[in-house]
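Input: a single structure, listed below in structure tokens.
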Amino acid sequence: MSEVFMAYPELRHPFEASQIHPQGSTTVLYQGKVITLLETGGGDSLLINPEDLARINGFELKPEGVCYEDMCIPMTDDLLVTQDTRKWFDLTAFADLLAQPYVVDHEAGVWSFAEIPIKRENMKVNAMAPEFELTDRQGEVVRMSDFKGKKALIVTWSSW
Amino acid sequence: MPVWQQVYDEINDPNFVLICVAEDTGGEAVAGPIFDAAKPTYIQIVDEDHIISSAFNFVNVPSAAWVDEEGRIVRIDEGTYSKIHEIGEGEQAITFGNDVYTPALKDWVAKGADSEFVQSVATVTGNIREHSFDQLKADAAFRLGNLFRAHGQKEKAELYWDIAQELNPDSVNFIRQNLTLTEEGSAGETFMNLRGEYISSGKDYYRPLDLEEK
């Protein structure tokens, strides 16, 4: 039985040691994306260049707040941090505000953020399929929203 | 995967898409050959970080969601077998799967909202599993482990995979994915014991299929 479920056991350890990011940079993981930040602020929080926010989680700083599509979170004082005249956006404070969990490995400089719960509300309340963005085996980007007007069966499986 | 290709060919409707997602941290190296053997024409995704399982709150494979033209889920989270499978021989033989899911799927593709297998918003939202703060955090830990694994740091990979399992002990996906790094593999003694515990404690290994009684 195990042979059937463990196809290609010789490939279970295919990974070679390699550097995660250039010395001194930081990596953020979010929804399958790996984002390298060349500069971050100091301290225990993750302070990012405000311009990096959109490529991490799609939110943007606007006069009305921190916005994603038609949703805006009012800006609070603790979200913008000034260090030596440089302004940073506190991504960890923003995550705390949105009850978005994260896990950090300080030694490696890698922060892994879970999905933002508010982005999932429409599924829990209205049964609307969650948006995702993944690349298929042909290299095409696949989003749930690509299939409006069609019926879709999304089915998971695994080799294990 | 070949059976899903057969189902896809039989349905053969330009307004129906089949998206098959391999929940495999081993990536293309392990999932790709299995996909290729099926000669698939449906959409194939290798989802190393289990993004789809997390998005739909699945805890096991195979699981599925039916999504209609408006983007609304009309069935979700059932042990999704396209037919009855038999593997092994003699006393070792086991069967799993069912012969009711595929006919229901075909009925929905043909009839849309008029299909008796379409579930209401209330039923679907009731069938969507909870995905608590800790379970979301488990996803983040799991993906951190995956990054370390991809960069050859096995100890850190195991550390964060273990954290993910502690935070979301009900995820069969995490347990079995983690077991792929052990000598016994994902279907060895550990998994069989766990499966036995699941069944004897009355927990659902999959959410029950709501189709048999139709």
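The values are calculated or read from the model by the stated rules, or taken from the named source; none is laboratory data. Predicted, not measured: the structure shown is a model, and the values here were computed from it. When we count neighbours, we look across all protein chains shown, and the Cβ atoms used for this are built from the backbone with ideal geometry, even at glycine.
The table below lists the values:
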{"read-out": "Breaking point among (1) at pLDDT below 95; (2) surrounded by fewer than 14 Cβ atoms within 10 Å (Cβ to Cβ); (3) not polar (S, T, N, Q), for A:Met75", "value": "(2)"}
{"read-out": "Per-region count, the range B:81-117, residues surrounded by 13 or more Cβ atoms within 10 Å (Cβ to Cβ), aliphatic (A, V, I, L, M) and under 20 Å from the mean Cα position of the chain (by Cα)", "value": "4"}
{"read-out": "Failed criterion for B:Ser120 (all others in (1) surrounded by fewer than 21 Cβ atoms within 10 Å (Cβ to Cβ); (2) in contact with a helix residue (DSSP H, G or I) (Cβ under 6 Å, 6 or more places away or on another chain) hold)", "value": "(2)"}
{"read-out": "Every residue from the range B:146-162 that is more than 8 Å from chain A (Cβ to nearest Cβ) and more than 12 Å from A:Phe15 (Cβ to Cβ)", "value": "B:Glu155, B:Glu158, B:Leu159, B:Trp161, B:Asp162"}
{"read-out": "Odd one out for B:Lys83, checked against (1) at the interface with another protein chain (Cβ under 9 Å from one of its Cβ atoms); (2) in contact with a helix residue (DSSP H, G or I) (Cβ under 7 Å, 6 or more places away or on another chain)", "value": "(1)"}
{"read-out": "Matching residues, the range B:36-86, being in contact (Cβ under 8 Å) with a residue 60 or more places away in the chain, within 27 Å of A:Gln100 (Cβ to Cβ) and assigned to a loop (DSSP other than H, G, I, E, B)", "value": "B:Glu48, B:Asp49, B:His50, B:Asn57, B:Phe58, B:Val59, B:Asn60, B:Val61, B:Ser63, B:Asp77"}
{"read-out": "Flag if B:Ala187 is of a type in the set (A, V, I, L, M), without any contact (Cβ under 8 Å) to a residue 60 or more places away in the chain, out of contact with any strand residue (DSSP E or B) (no Cβ under 6 Å at 6 or more places or on another chain) and not in a helix (DSSP H, G or I)", "value": "yes"}
{"read-out": "One residue from B:Ile163, B:Ile199 being surrounded by fewer than 20 Cβ atoms within 10 Å (Cβ to Cβ) and touching a residue at least 24 places away in the same chain (Cβ under 8 Å)", "value": "B:Ile163"}
{"read-out": "Matching entry among B:Ala122, B:Ala140 (being under 25 Å from A:Asp96 (Cβ atoms) and within 9 Å of chain A (Cβ to nearest Cβ))", "value": "B:Ala140"}
{"read-out": "Output for the range A:100-130, where each listed residue is at the interface with chain B (Cβ under 8 Å from one of its Cβ atoms) and either within 24 Å of B:Arg72 (Cβ to Cβ) or modelled with pLDDT under 95 (or both)", "value": "A:Glu115, A:Pro117, A:Arg120, A:Met123, A:Lys124, A:Val125, A:Asn126, A:Ala127, A:Met128, A:Ala129, A:Pro130"}
{"read-out": "Candidates A:Leu53, A:Leu29 - the one that is assigned to a helix (DSSP H, G or I) and under 14 Å from the mean Cα position of the chain (by Cα)", "value": "A:Leu53"}
{"read-out": "Residue list for the range B:145-163, restricted to those being basic (Lys, Arg) and at pLDDT below 90", "value": "B:Arg149, B:Lys154"}
{"read-out": "Candidate set: the range B:147-160, residues that are of a type outside the set (D, E, K, R) and surrounded by fewer than 18 Cβ atoms within 10 Å (Cβ to Cβ); chosen: the one nearest to B:Gln135 (Cα to Cα)", "value": "B:Leu159"}
{"read-out": "Test: residue in the range B:131-143 that is of a type outside the set (A, V, I, L, M, F, W, C) and under 14 Å from B:Thr25 (Cβ atoms)", "value": "yes"}
{"read-out": "Of residues in the range A:131-143 being of a type outside the set (Lys, Arg) and more than 7 Å from every other protein chain (Cβ to nearest Cβ), the one surrounded by the most Cβ atoms within 10 Å (Cβ to Cβ)", "value": "A:Glu131"}
{"read-out": "Residue check, A:Asp70 touching a residue at least 12 places away in the same chain (Cβ under 8 Å) and out of contact with any Gly (no Cβ under 8 Å at 6 or more places or on another chain)", "value": "no"}
{"read-out": "Residue ranges of helices (runs of 4 or more DSSP H) in the range B:99-174 with at least 2 members within 30 Å of A:Thr36 (Cβ to Cβ)", "value": "B:133-150, B:154-167"}
{"read-out": "Test: residue in the range A:91-101 that is aromatic (Phe, Trp, Tyr), in contact with a Leu (Cβ under 8 Å, 6 or more places away or on another chain) and part of a helix (DSSP H, G or I)", "value": "yes"}
